[in-house]
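Before any comments, here is the structure.
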There are 2 protein chains.
Amino acid sequence: MTPQPGSAADVLTLISAGSATTRSDLARLTGLARSTISQRVDALIERGLVEETESGESTGGRPPRQLRLHTEQHAFAGVDLGATHCRVALMDISGGLLAECEDPVVIGEGPEKVLAHVDQRLDRLLGEVGRPRRALRAIGIGVPGPVEFATGRPNNPPIMPGWNDYPVPEYFDGIEVLVDNDVNVMALGEHRNAFPGTNHLLFVKVGTGIGCGIVADGKLHRGAQGSAGDIGHIRVSGHDDAGCRCGNSACLEAVAGGAAIARRLTELGLPAESGADVVALVQGGDTQALRLVREAGRLIGEVLAGLVNFFNPEVIVIGGALSRVHEHLLAGIRETIYRRSLPLATHQLSITPSRTGINAAALGAGLLAIEHYLSPDNINRIVNA
Amino acid sequence: MTPQPGSAADVLTLISAGSATTRSDLARLTGLARSTISQRVDALIERGLVEETESGESTGGRPPRQLRLHTEQHAFAGVDLGATHCRVALMDISGGLLAECEDPVVIGEGPEKVLAHVDQRLDRLLGEVGRPRRALRAIGIGVPGPVEFATGRPNNPPIMPGWNDYPVPEYFDGIEVLVDNDVNVMALGEHRNAFPGTNHLLFVKVGTGIGCGIVADGKLHRGAQGSAGDIGHIRVSGHDDAGCRCGNSACLEAVAGGAAIARRLTELGLPAESGADVVALVQGGDTQALRLVREAGRLIGEVLAGLVNFFNPEVIVIGGALSRVHEHLLAGIRETIYRRSLPLATHQLSITPSRTGINAAALGAGLLAIEHYLSPDNINRIVNA
């Protein structure tokens, strides 16, 4: 690709960062010819990306017209689909939350039913904030399973019957749709909201299963097939008798995930079915549940200790259902990482519970949509269309 | 930072890619004002980065002057320092090899002696190709130990006595010097030469110890403290009795590194001291040595299987002294990765011996220097100085 210095995207970046508020600013900052500036700005205005107002300060003579992002013409949506919930956040182009809602929705009812619900909620939220449907420029969706990111199709998701290979973006005709694994959008939401200055961050979700979202050099690392971060099936030592649904044994998820802990508790005579049940038992002061959560923390810490040596992150964030008892989980995780990782990699490492909380996935999905929309390639495509 | 579209670096990129060969091309491709183009091009010529010749084709009238990279005014060096060797490669600005040499040099003799040798070899190679010392713009150096990349100071390197915290760049007054861990520059050299189209690559060096260079999204991933890729101290299962020099036990390096295999062979009555001795025994057909190398491959594969799940690379390259018997090492590595990693992450994964061979580190170090020199920030700094 030939680089295009001084493209419409460059001009938009200067305007949105507040570095340029007039056409004269743009000419000075870019060195572009006045005719080129006019061409770029006019195209951005025509596409509804920028507006030009007469509100500049008068310094004698005609006041210069002011350029700014045309915020009101835009809306973006972040959608967090879980096994049994659907959260929709409506956001403006700068990432601010406009409105949101959450409903119980069973993902196993299949894509048509679930996406119809999303669509209807989008209309309701747009109505609440008084923006027309055409203002909605892009939607980000996080789903609880693997996704082929380039096409937005779920890839053999174990807890999403009916969704395999379903072309999610095609459901929303005429709007850009980005679909990603839930832990990836959680990592993005957590990074942008709580750790924007951090280059390398891991977001570990400990729920029914265990997964990890990776931020490398400020960007999501999805890997070659988009499967990066699937740490639930890394082998832990001393558990060769624990079979996993993947067909192997001693997988981290099979010994330290919420489902595995619930099963162990049931065997011990304490009926539990999910990570939420485990959390309830720990919060109720049950010592068996507490012991198992600490032990799970140590096993998760064993895997993370290796990843700390390999990846050398600045921050590890622990989220997911079990992070509601994070003091017990983190005790085990920290203990093992500090014992097993190299001192150089741990002496400035921060290991912390999620700060963004239940919003992380929806906000992260919305940011995925906004960042895609504002990417130079997309802006130049829109302007040259 | 305010973006600077149309900077001198943008202009240089268009010239070096061959997209622009005249000032008119630059005006057309960038939309920059003619006066800005002149300013940028004149600055690049003045700094010796670009030359302008009269050799354009005549199409009637005065032929347009042609712009191109001023190759002859530049030279770059890549230096590969090993425990007992020093390899120096002289390269042109496009990464082409101009001249090289290798000598036995003991790194334990300390920085002054070793760097004096490097300096003298640089003068000799520059003389061979007829370029003056001032043509040498940047030097990349790979060393067998951890380095604080930002300052170029080795950080407690175990096999480099006298080098701890030594400010290597200051030795070469007036020249930009970049110092990095040897496995990082090997990964860069292998990526740029053999897998330029690959986004995510791991280069695993199996020598006396075991380390890994990481290419993520086409760039070296060094991590928060520059210690990323230190996989030699990740725990492997079933070897809790194997103590490691780091103070822990069951580290990968302590059971599968060249030194560990040599020690095991010695215990079995086959005197061996280094990875090279192990290779000699395997090549001589010794079945004990062969068995231990295969077993080392399986243990390395166990660690890599977890990293494949986590990082989802496209290519894993196996280099280092033991890769000279790669057919035996790779058998064990492949066997374990394909059994333990997720199918989605392995079905397009390539696991291959190094193609760049003994040159990888010196070439990679040279490329590190060239890429730094041509980075937009550095070019704009040079031009605005």
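Copy-to-copy label distances for B:Ser237, where each label lies 7 Å from Cα along Cα-to-Cβ, are 1.1 nm in order of increasing length. Take the Cβ-Cβ distance between B:Gln120 and A:Lys219 as r, set R0 to 35 Å, and report the resulting FRET efficiency rounded to the nearest 0.05. Taking R0 as 35 Å, the efficiency between B:Gln120 and A:Lys219 is 0.20. 3J(HN,Hα) along the range A:260-267: 5, 5, 4, 5, 4, 5, 4, 4 Hz, from the Karplus curve 6.51 cos²θ - 1.76 cosθ + 1.60 with θ = phi - 60°, whole Hz, x for Gly and Pro.
What shape does the range A:8-72 take by its C-alpha gyration tensor, where a ≥ b ≥ c are the square roots of the eigenvalues and a/c under 1.5 counts as rounded, a/b above b/c as prolate, and the rest as oblate? Since a/c reaches 1.5 but b/c is at least a/b, the shape of the range A:8-72 is classed as oblate. Database remark: amide H of A:Ile141 closer than 5 angstrom to the amide H of A:Val79, A:Leu178, A:Val179, A:Asp180 (H placed geometrically; neighbours at sequence offset of 5 or more, or on other chains; Pro and chain starts carry no H). Angle of helix B:182-194 to the longest C-alpha principal axis of chain B, folded into 0 to 90 degrees and rounded to 10: 60°. Does chain A come out rounded, prolate or oblate, given a ≥ b ≥ c as the square roots of the eigenvalues of its C-alpha gyration tensor, rounded meaning a/c under 1.5 and, failing that, prolate meaning a/b above b/c? Verdict is prolate for chain A. Here the Karplus curve 6.51 cos²θ - 1.76 cosθ + 1.60, taken at θ = phi - 60°, turns the phi angles of the range A:348-362 into couplings of 10, 7, 10, 10, 9, x, 4, 9, 7, x, 5, 7, 3, 5, 5 Hz, with x standing for Gly and Pro. Using a ≥ b ≥ c from the Cα gyration tensor of the protein assembly as shown (square roots of the eigenvalues), is it rounded, prolate or oblate, where a/c under 1.5 gives rounded and otherwise the larger of a/b and b/c decides, a/b for prolate? It is oblate, given that a/c is not under 1.5 and a/b is not larger than b/c.
Specify the inter-centroid distance of the range A:223-254 and the range A:67-117, based on alpha-carbon positions, in whole Å. One Cα centre to the other: 32 Å.
Of all stretches in chain A that contain no GluC sites (Glu not before Pro) in a DSSP loop with at most 13 other Cβ atoms within 10 Å, the longest one is A:58-385.
Listed by chain and number, the aspartates and glutamates whose alpha-carbon sits under 17 Å from that of B:Lys113, ignoring those within fewer than 8 places in the same chain, are B:Asp80, B:Glu102, B:Asp103, B:Asp123, B:Asp165, B:Glu170, B:Asp173. Here the Karplus relation 6.51 cos²θ - 1.76 cosθ + 1.60, evaluated at θ = phi - 60°, turns the backbone of the range B:31-43 into coupling constants of x, 6, 5, 4, 5, 5, 4, 4, 4, 5, 5, 4, 5 Hz, with x for every Gly and Pro.
B:Gln39 label point (Cα plus 7 Å toward Cβ) to equivalent points in the other copies: 2.0 nm, shortest first. Only helices enter this figure: runs of n ≥ 4 DSSP H residues, each worth -39500 (n - 2.57), summed and divided by the residues of chain B, yield -12500 deg cm²/dmol at 222 nm to the nearest 500.
Taking the alpha-carbon distance from B:Lys219 and a cut-off under 29 Å, which lysines remain once sequence neighbours fewer than 8 residues away in the same chain are dropped? Qualifying lysines at Cα under 29 Å: A:Lys205, A:Lys219, B:Lys205. Taking amide H positions as modeled 1.01 Å from N, with prolines and chain starts lacking one, the residues under 5 Å from A:Asn312 and 5 or more places away or on another chain are B:Gly229. Can you give the % of DSSP beta bridges in chain B that are antiparallel, to the nearest 5? Counting only bridges with both partners in chain B, antiparallel ones make up about 60 percent. Database remark: amide H of A:Val50 closer than 5 angstrom to the amide H of A:Ile45, A:His70 (H placed geometrically; neighbours at sequence offset of 5 or more, or on other chains; Pro and chain starts carry no H). For chain A, the longest principal axis of the Cα atoms and the long axis of helix A:287-311 meet at an angle of about 50 degrees. For B:Ser249, the label point sits 7 Å beyond Cα toward Cβ; its separations from the matching points on the remaining copies run 2.3 nm, from shortest to longest.
Every number here is computed from the coordinates shown, using simple stated rules; none is lab data. If you're wondering where the values come from, they're calculated on a predicted model, not measured in any experiment. Positions of Cβ are backbone-derived with ideal geometry, glycine not excepted, and every protein chain shown enters the neighbour counts.
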